[in-house]
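The next block holds one structure in the form of structure tokens; read it before the comments.
The values are calculated or read from the model by the stated rules, or taken from the named source; none is laboratory data. Model, not experiment: these values are computed from the prediction. Here Cβ is always computed from backbone atoms with ideal geometry, including for glycine, and neighbour counts include all displayed protein chains. Calculation scope for accessible area: heavy atoms of the full protein, side chains included, ligands and nucleic acids excluded. Shrake-Rupley method; radii C 1.70, N 1.55, O 1.52, S 1.80 Å.
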Amino acid sequence: MNTVFVSYKRDDELRVTRLVRGLESAGFAVWWDRGLAAGESWRAQLSAALDAASCVIVVWSRTSVGPSGDFVRDEAARAKRRNVLVPVLID
């Protein structure tokens, strides 16, 4: 199944939730970290989902581009290398 991976900063979760719900309503299968299974290695799950995604939406905001946004920037770089990056600006 083609999956959309959504990368975002946790501080933006409320706004990103609306994006995810919209994508799901349009019929897309969406993976975001709210779906991480308990007890498993979150880093391995995230990495596998990122690598398997057909599209990676990276949500850019003041917090995701700031000093604490390392994971978002890393995920964006990986998606860009695979030519599956779709940037979204929310601020």
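Summary table
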item: Sites V65 and A29, calculated FRET efficiency, Cβ-Cβ separation with R0 25 Å, nearest 0.05; result: 0.35
item: Assigned charges on the beta-carbon of Lys, Arg, Asp, Glu; the chain dipole about Cα centre (debye); result: 180
item: Taking only Cα atoms of the chain, radius of gyration then Dmax in Å; result: 12.3, 34
item: Neighbour cut-off at most 15 other Cβ (10 Å), DSSP loop, trypsin sites (Lys or Arg not before Pro), the chain; result: R62, R82
item: Average accessible surface area per residue within the chain, 1.4 Å rolling probe, Å²; result: 61
item: Pair R21, N83: separation of 7 Å Cα→Cβ label points (nm); result: 3.6
item: Rounded accessible area of D70 (nearest 10 Å², 1.4 Å probe); result: 80
item: The chain - percent of accessible surface contributed by carbon and sulfur, probe 1.4 Å; result: 55
item: Computed E for T3/S41 - FRET, C-beta separation, R0 25 angstrom, nearest 0.05; result: 0.85
item: Exposure ranking of D91, D33, D74, D12 by accessible area [1.4 Å probe, largest first]; result: D74, D91, D33, D12
